Amino acid sequence: MFNRYIELDGEELEFVFGNSVMQNINYALISLEYILNANNYDEDLYINRHTYYFFHIQSLLTACGCISNVFYTYVGFDKKATQRCANLREAFNINRSEFPLIFQKEA
């Protein structure tokens with residue numbers, strides 16, 4: 001996962017991860033548009049409608065998972081990543097009450 005392997009600090013950290021989140025929001029919105037608008041279905045590009053919907057649902061879920069990973073990792077997994085996630089949540093004002101899905105990794 002991206003947030004476990006990159007070593008940054010200061011303002012560049014917020015910029016890089018913020019950009020990653022914005023790109024994944026964009027990817028999620030693109031796939032959501034395709035899911036909600038069946039007119040986007042292209043018979044030459046997709047084998048069938050099931051493939052079309054599966055592809056875009058998978059893309060949407062992957063983008064949402066990437067967003068979640070930027071803001072939350074398992075406590076105790078990697079202390080640097082855990083602290084980085086906490087700092088990013090604070091910087092972007094992400095909290096458990098307003099964004100509970102980000103924290104659903106807890107069992």
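Would you tally the residues in the stretch 54-107 being among the basic types (Lys, Arg) and outside any helix (DSSP H, G or I)? Write out each step before concluding.
Within the stretch 54-107, the subset among the basic types (Lys, Arg) is 79-80, 84, 89, 96, 105.
Subset that is outside any helix (DSSP H, G or I): 96, 105.
Of the residues in the stretch 54-107, 2 are among the basic types (Lys, Arg) and outside any helix (DSSP H, G or I).
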Checking Asn3 against (1) of a type outside the set (Gly, Ala, Ser); (2) modelled with pLDDT of 85 or more; (3) closer than 21 Å to Pro100 by Cα; (4) touching a Leu at 6+ places or on another chain (Cβ under 9 Å), which single condition isn't satisfied?
(2)
Return the residues of the stretch 12-30 that are loosely packed, with under 14 Cβ neighbours inside 10 Å and in contact (Cβ under 8 Å) with a residue 40 or more places away in the chain; say none if nothing qualifies.
none
Look at Asn37 and say whether it is at pLDDT 90 or above, of a type in the set (S, T, N, Q) and surrounded by 13 or more Cβ atoms within 10 Å (Cβ to Cβ).
no
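The values are calculated or read from the model by the stated rules, or taken from the named source; none is laboratory data. What you are looking at is a predicted structure, and each value in this text was computed from that prediction instead of being measured. Heads up, the Cβs are rebuilt from the backbone with ideal geometry, glycines too, and the neighbour counts pull from every protein chain shown.
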